[in-house]
Every structure is written in C-alpha cells, then in structure tokens.
Amino acid sequence: MARGVELRQRLPHCEQMETAAVSNTDQVRRFIFEKCPVRGHWVRLAGAWRDLRAHTRYPPMVSELLGQAAAASVLLAATLKFRGTLTFQLQGDGAVNLLVAQCTHDFRLRAVARCDDARLAALSGDSRRGALFRQLVGTDGRVTVTIEADEKSMRYQGVVPLAGTSLAESLETYFASSEQLPTRVLLAADEELGAGMLVQKLPEAGAGDAEEVTAAWEAAQSGIERVSPSELLRNPVEQVLGQGFSGHDLRLFRGASVRFECRCSSGRVVGLLRALGPGEVRDVLKEQGAVTVTCEFCHRPYRFDAVDVEALFAEGPAPGGSGAIH
C-alpha cells in the first residue's frame, strides 16, 4: 500500500485545518476508511482545466458539464490499475450531443464537447434539479467508458443508458451496472475549477464485522451528500473530508499530478498535409491565403503560410518551422 498521510477525523476540525495545505489543485488523491472495505478518490483541476479550453470558448452551461466530465474521467482512471487510456463519452439527443474526456493511467487529460448553438439558445433555463441537465443531454442517450490498455492491446468497453438528473448519477449507474460496485459520486465545475469525489463499497471478503461494514458504507454515502458543489470546488481536500466524514478514521494518500495533454502536434499535421499532396494543399493556400488545420479535440490551430507550404514539399525531412501556431 502506498505511503499515506493519516487523517484522524475525531481531531477538532479547526486544529486540523491550521496545518492543511490549501493549494492542492491539479491533483487526484485516494482515501480509505480504516479497517473497512470503503474507499474514495478526490480530484481538483485548475491549470489543467484552463489549458484544456485554451483554444476554444464554450457557453457556461456547456463548460460546466465538460468540466464535470473531465473530473469524472480522472476519477474513473484513478480507480483502475492499468497502463493506457480511459475514454469517458456521453452521447445524447439534447443540445449537447457529445462529450468526450480522456485520461491516461498517469493522468494526462484532454476533453471536448460538441453542441448545437441554436438548441442551446432555445433552452428554457428551467432551474429545477435535473431539468437543465436533461435539456442539455436529452432524454435518450448513453454513457460509454472505454479502456484501452497498452498491454497486449487489450480493450474493454462498458455502455449504460443516461440515468438520473446529473452526470454524477449517470456515472453511479455505470459503476453499479458495469463494475458491480456501489458508488456515490459528486462532480462540480465552473470557469476556474473542476472537481470530483467518489466513494465506493468494495467486496467484503475478509472485511470483518458485517455491521461495521454496513455502518461505514452508510456513513460514506451520507458524508458525500453533506458536501456541496461549491465546497468541493473551493475547499482543500482535508477540509472536505473532515466536513463530510467527521467521526470516522480515514487515511488520505499522497496525490498524483494531473495535467492537460493533447495528442496533436505539428509533426502529425505535417504528415497529414503531405498525405493530401501538394496540389490540394496549394489549392487551399491559393483560395484562403494560408492553410490552417485545427485539432478537433483541443481546437489548437496549426497555420501554414506560403513559405511553410513550399517547405513542406521540399525534399528532405519536415522543416522545423512548419506547423507554427499563430
């Protein structure tokens, strides 16, 4: 078991917070209930969340949902032991028809949303619990989790219908259906931060007294319900756990860094343009004055002017200046 920092939640809350670090963003951390088969994970995104949207602007309601999906993908990856990439995908028939968030085993993150601007503008603004979520994603859709492991090119995919009145409830349905693990999830996002937390009841083999296990799981569920989205976003993990699970012994483990990273690169774009051939690329250059290729995932633009295009098709390796970002 990894070395951890113990949290004794029976300590006075104010004393605990005097020594707690406030700045613990862009991290995912695991915690466990001592001597009980209940575990949890917590994540907060700041720089990674901003970098993810550096080349595009989403409407606030879409940005919030995308931030929740990004946090969800990190939580999902944190629960697994694998080397590879996990893809969390939501498809629906609402104004937001596609959300995709990918996280690797070492927590390199990227995410994108596809939406219908006209349908977004026509939303009613109903603030009832779940009403806006259902307007955004629709009434008929699905959540798909795909795990592509590097070892032996293994691939696993779980698909569940969209459920409940939030992305968190849909994720709970995925865990219950595909993983057979009772799970409670809390997700939150705004323009500055994205965050998430989950608690899970693990198989009870050799776990000790059944009543104690049941009591710990009930405490975990009620504890996550006591944490508000704003508290999850703004408060340090120590304070969140102290508030939600006061009276229980937890162990909080060292965090792992989360960072934004897209797979696009100037080298890949150069290869794409060379594959198209000089005739087609020069036609675009003549028509538009420059050739711009935009990554579909992170919306990063790669711009090639006339000099770049001629250098692309010169003999020899791709010039170092090709694919400059403007």
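Bear in mind that the values in this text are calculations on the coordinates, not laboratory data. Note that the coordinates shown come from a computational prediction; the quantities given were computed from them, not determined experimentally. Backbone-built Cβ (ideal geometry, glycine too); neighbour counts: all protein chains shown.
Structure values in brief
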item: The chain: equivalent-ellipsoid semi-axes (sqrt of 5 x gyration tensor eigenvalues, Cα, Å); result: 41, 22, 19
item: 10 Å-binned pair-distance histogram of segment 266-312 (Cα, whole percent); result: 27, 60, 13
item: Candidates Glu191, Glu287, Glu172: whichever shows maximal mean-square fluctuation once the chain is modelled as a Gaussian network with Cα springs under 10 Å; result: Glu287
item: Ellipticity estimate at 222 nm from DSSP helix runs (n ≥ 4, -39,500 (n - 2.57)) divided over the chain, nearest 500; result: -9500 deg cm²/dmol
item: Calculated FRET efficiency for the pair Glu191/Thr292, C-beta based, R₀ 35 Å, to 0.05; result: 0.85
item: Degrees between helix 210-225 axis and first principal axis of the chain (Cα, 0 to 90, nearest 10); result: 50
item: Ranked by how many other beta carbons lie within 10 Å on average, peptides 244-255, 290-301 from highest; result: 244-255, 290-301
item: Within a Gaussian network of the chain (alpha carbon springs, distance under 10 Å), most fluctuating of Leu276, Leu136, Leu123; result: Leu276
item: Top positive-direction residue, dipole computed over segment 266-312 with Cβ charges, set Val293, Ser266, Leu276; result: Ser266
item: Only Lys, Arg (+1) and Asp, Glu (-1) charged, at Cβ; segment 266-316 dipole about Cα centre in debye; result: 180
item: Peptides 257-270, 66-79, 44-57, 94-107 ordered by average Cβ neighbours within 10 Å, highest first; result: 66-79, 94-107, 44-57, 257-270
item: Glu151 versus Leu202: modelled label distance in nm, points set 7 Å from Cα along the beta carbon direction; result: 1.8
item: Gain on full stretching of the segment that runs from Glu179 to Glu261 - 0.36 nm per residue minus C-alpha separation; result: 26.8 nm
item: Extension reserve of the Leu80-Phe313 stretch, reckoned as 0.36 nm per residue once the Cα distance is removed; result: 79.4 nm
item: GNM result for the chain, Cα springs below 10 Å: residue of Glu218, Glu34, Glu310 fluctuating most strongly; result: Glu310
item: Stretch gain in nm, segment Asp209-Thr139, where the contour uses 0.36 nm per residue and the Cα spacing is subtracted; result: 21.0 nm
